[in-house]
Every structure is written in C-alpha cells, then in structure tokens.
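Worksheet: the structure to be examined is printed underneath.
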Amino acid sequence: MRHPLHSICPYFAMFPEDFVAKQLLAFTRRGDWVFDPFSGRGTTVFESLINGRNAAGTDINPVAACISGAKADSPTLRNTLTRLDALEASYVETRNCSPRPASEFFKWCFHEKTLGEVQHLRTNLDWRKSKVDRFISAVALGCLHGESHKTPNCLSNRMPRTISTKPEYSVKWWKARGLSAPERSTFAVLRSMVKFRMQERPPELSGDVKLRDARLSGKAFPSLKEKVSLIVTSPPYLDTTDYNEDQWLRLWFLGGPELPISGKNRDDRHTNLGDYWSFLQEAWAGVEPLVKRGTHVVVRIGGTRIPKQDLSEGVLQSLQSGFQGYRVKALHAGATTEIRNRQTNVFRPGTSAARFEHDFTFKVVG
Ligand SMILES: C[S@@+](CC[C@H](N)C(=O)[O-])C[C@H]1O[C@@H](n2cnc3c(N)ncnc32)[C@H](O)[C@@H]1O
C-alpha cells in the first residue's frame, strides 16, 4: 500500500515514488546515503527512508522545504493533535484579533469563518523552527486549496490542487459560475487529515531537508562529506514553470505576500540555454563535496526546446564541470516517457510545456 504521507501535498513536476524505488534497488543498499538537491515534495527523501536508506535534500522553495521536511522527520500523532487543540483554543480566545488579508481574492477564496481560522494558523504556526508545526503546516498546505466540490477536506472555493491560480483569474472564474467558498471547520479538517496521514507507521529512519539553494548543499550538510551513494533528482526544466508563482497561495500561508510574484527565483524558469547549463553546473558544484567515487546520479529532466541527445550531453557536461575533482560517465542513452497531463499548457499559455521527460543515469568514476 502507498504510504499516506507520500501524497500529503501535491507539487508541480513531482516524480512517482516507484521511479525512486527502482533506483534505490539498482544502486544502493540499506544504510547508504541518498541525496536530492531539488527536493520538491520530497519523493526521493521519503521513499529512501521507507526503504531503510538515509536521506537528505535541499530546495529553495519554502513550500517544498516544508512538505519534504515534514515527511522526512515527522512528529508523533499525539504531539500533533495536542498542538492542534492548543491552536484551536487560542483561536477561540482571540478570534477577532488576527487581521484578515484585504484583497477581494481572499473573500472569494475562503468562507469568512474559515479565513479567520486559516489566518490564525498562518500567524501562529512556527514551521521553520518546530517539527510539529511544520507537520501541521504541510497538512494544511495539502488542504488549503483544491476541488472543494468533490471533497470536504479542502478549505477553499474551487481551484486546482496542484497549483494556485492567479487572483484576478480565480475571482472572475468564481463569479462567472456563481461559486462561493464553502464553510469549513479548519481544525476539524486538519485533525481528520493528520489522523489519515499518520495511520501508517513513519519510517524508522528520519531525514533532513533544508530550505537552501542547491549550490549550498555541501555547506548545508558538512557531515555528509563524501558519503552520498546515490542522487535521484529532477531540476527545474528549461522555460517550463515558475514554482513561486504556481505555489503563491501556499507561500502566503507560510508567511509570504498576498499575491503571486513571478521571477523571484531566477532558476525556476531559465529561458536562455547557456544560463540554464551554467545554473546546473553551479548546482552540481555545490553538491560535489557530498559525492565520492562510485556515486550514481539519476536525473529526470524535460523540455520541448532541447532534443534528447542535447539534454543528455548538456547534463553530462554540467556534471563534469560541476564535479571538478572527478570524472563522470553516462551509463545509458536515457529512458523517455511522455507527459500526458500537461497543466502548464492550461495555466501558463505562452511558455513551452515539457512534453517528454528523460531519465539519465551517470556514475562518478574517479
Ligand atoms: C522538478 S521540481 C522537483 C520535483 C521533485 N522531484 C518531486 O518529486 O516533487 C524542481 C524543484 O527545484 C527547486 N529549485 C529551483 N531552483 C533551485 C535552486 N537553486 N536550489 C534548490 N532548489 C531549487 C524548485 O523549487 C522545485 O521544487
């Protein structure tokens, strides 16, 4: 059975856990170290831990770091429910004190009562410092928006669950269809989702995902120097998506601004091929302290503008120049899959959607 923590919160361009499981089986043994410098929703880290491998990662996006971190090192159910009770009690005492966001979007997106509760959680959850609060935040991120006409466990007016649509577009869409936000009891939804996510035992090992630029991986994990046996990762694709813009409502919940901001992380959507390869090279250089002779690197990557052969050569070259103290060799020509559900097309007209993804495997040889 799929571990319920895997799907705590969806994320754009996530890869499936069986992809990671296959690499673990092929290239590692129990107790080995696995690393993902672009962790996203934490599939590599969590699947590794489930399979008895040690795991760590980085991601520059707070949503990704919160979700990945919550999966990598989860608190006990008891501590989580106790904290939720305390948060609810403090909300009852202060219910009219937290200022609500002023924009029209929030009035349409959340029922007034739900918005008060969400705002209270946003103000009081210390997700960067407390692992209990990080876990509650990750569960809340997974419920914050989605297809509320299909599930009672979603707090918003109707929206996709994977990405948050832009404010103006959303309000227009809701108005045109006469859709109003459902009244939800946020604390009841969270309690029920926490119990559901924690019904399975967590992995015996715990991992760590830091909110960091991949370029700083070695500095972020000095104790992992030359310890990593396997890297399974998927960097942002060329000219495909902007994770900050796509996750703007979740970023707001984690303390960010009340509106989407594009271009905040320049590495999310490189449009210039030369800059893109430089970025990857810098990222590998940041990871280099963690690798050793024999480390395998599995990279899932896409992008319609770059033919497969060029991608394969580009990734190899970026690895060779990034891992300066080693030689790197490609183990095969790459496996290709077609992406059927291309949400970028629907929500981001004008950018190229990655129609195919390729999996490349490399080995650090000396
Ligand atoms: C394709 S997604 C990874 C998805 C992941 N494999 C999963 O299953 O969820 C790429 C990730 O790279 C992150 N990212 C972009 N630039 C970064 C950087 N400079 N350092 C670290 N992470 C970065 C994005 O925030 C995004 O989460």
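Bear in mind that the values in this text are calculations on the coordinates, not laboratory data. None of the values given here were measured: they were computed from a predicted structure. Note: ideal-geometry Cβ built from the backbone for every residue, glycine included; neighbour counts use all protein chains shown.
Rounded to the nearest whole Hz, the Karplus-based 3J(HN,Hα) values (6.51 cos²θ - 1.76 cosθ + 1.60, θ = phi - 60°) of the range 174-183 follow the sequence 5, 4, 4, 9, x, 9, 10, 6, x, 7, with x at glycine and proline. Per the Kirkwood formula applied to alpha carbons, the range 184-277 shows a radius of gyration over Rh ratio, Rg over Rh, of 1.05. Listed from fewest to most Cβ neighbours within 10 Å, the set Lys210, Lys71, Lys172 follows the order Lys172, Lys210, Lys71.
Within the shell defined by Cβ-Cβ distances under 13 Å, the residues around Arg161 carry a net charge of +2, with Lys and Arg each +1 and Asp and Glu each -1. In the range 132-219, the alpha-carbon atoms span a convex hull of 134 Å³ per residue. Compared with the dominant principal axis of the Cα atoms in the chain, helix 77-94 is inclined by about 40°.
Each helix, a run of at least 4 DSSP H residues, gives -39500 (n - 2.57); summed and divided by the residues of the chain, these come to -12500 deg cm²/dmol at 222 nm. Put simply, the amide H of Gly302, placed in the peptide plane, has neighbours under 5 Å in Leu238, His358, leaving out anything fewer than 5 places away on its chain.
Basic side chains Lys and Arg get +1 at the Cβ, acidic Asp and Glu get -1 at the Cβ, and with that the dipole of the range 92-232 about its Cα centre reaches some 220 debye. Ordering Asn51, Leu251, Thr123 by Cα displacement along the dipole of the chain toward the positive end leaves Asn51 in first place; charges were set at the Cβ atoms of Lys, Arg (+1) and Asp, Glu (-1).
Taking a Cβ cut-off of under 13 Å around Arg293, the surrounding Lys, Arg, Asp and Glu residues balance to a net charge of +3, with basic ones at +1 and acidic ones at -1. In this structure, the amide hydrogen of Gly146, modeled 1.01 Å from its nitrogen in the peptide plane, lies closer than 5 angstrom to those of Ser156, Met159, counting only residues at least 5 positions away or on a different chain.
Within the shell defined by Cβ-Cβ distances under 14 Å, the residues around Lys150 carry a net charge of +2, with Lys and Arg each +1 and Asp and Glu each -1.
Relative to the dominant Cα principal axis of the chain, helix 112-124 is inclined by about 50°. Computed from label points 7 Å out along Cα-Cβ, the spacing between Asn272 and Glu338 is 3.5 nm. Rg and Dmax of the range 77-197, both derived from C-alpha coordinates alone, stand at 14.3, 44 Å. Each residue, Ile261 and Lys219, gets one label point 7 Å from its Cα in the Cβ direction; the gap between the two is 2.1 nm. Axis angle, to the nearest 10 degrees, between helix 62-72 and the longest C-alpha principal axis of the chain: 80 degrees. Computed 3J(HN,Hα) for the range 231-236, one whole-Hz value per residue from the Karplus formula 6.51 cos²θ - 1.76 cosθ + 1.60 where θ = phi - 60°, is 10, 10, 8, 9, x, x, glycine and proline marked x. Per residue, the Cα convex hull of the range 1-90 amounts to 114 Å³.
Convex hull volume per residue, computed on the Cα atoms of the range 223-318, equals 119 Å³. Remark: the chain projects, on average over all directions, an area of 17.4 nm² (convex hull of Cα atoms). Here each label is just a point 7 Å from Cα along the line to Cβ, and for Arg29 and Arg293 those points are 1.8 nm apart.
What the phi angles of the range 256-271 give under the Karplus curve with 6.51, -1.76 and 1.60, with θ = phi - 60°, is a coupling list of x, x, 7, 8, x, 10, 8, x, 5, 9, 5, 7, 5, 9, 5, 10 Hz, glycine and proline written as x. Taking 0.36 nm per residue of separation and subtracting the current Cα-Cα distance, fully stretching the chain between Lys129 and Ala21 would add 35.8 nm.
For the residue pairs Lys107/Lys175; Lys219/Lys292; Lys107/Lys172; Lys71/Lys210; Lys264/Lys308, the alpha carbons lie more than 21 Å apart in Lys264/Lys308.
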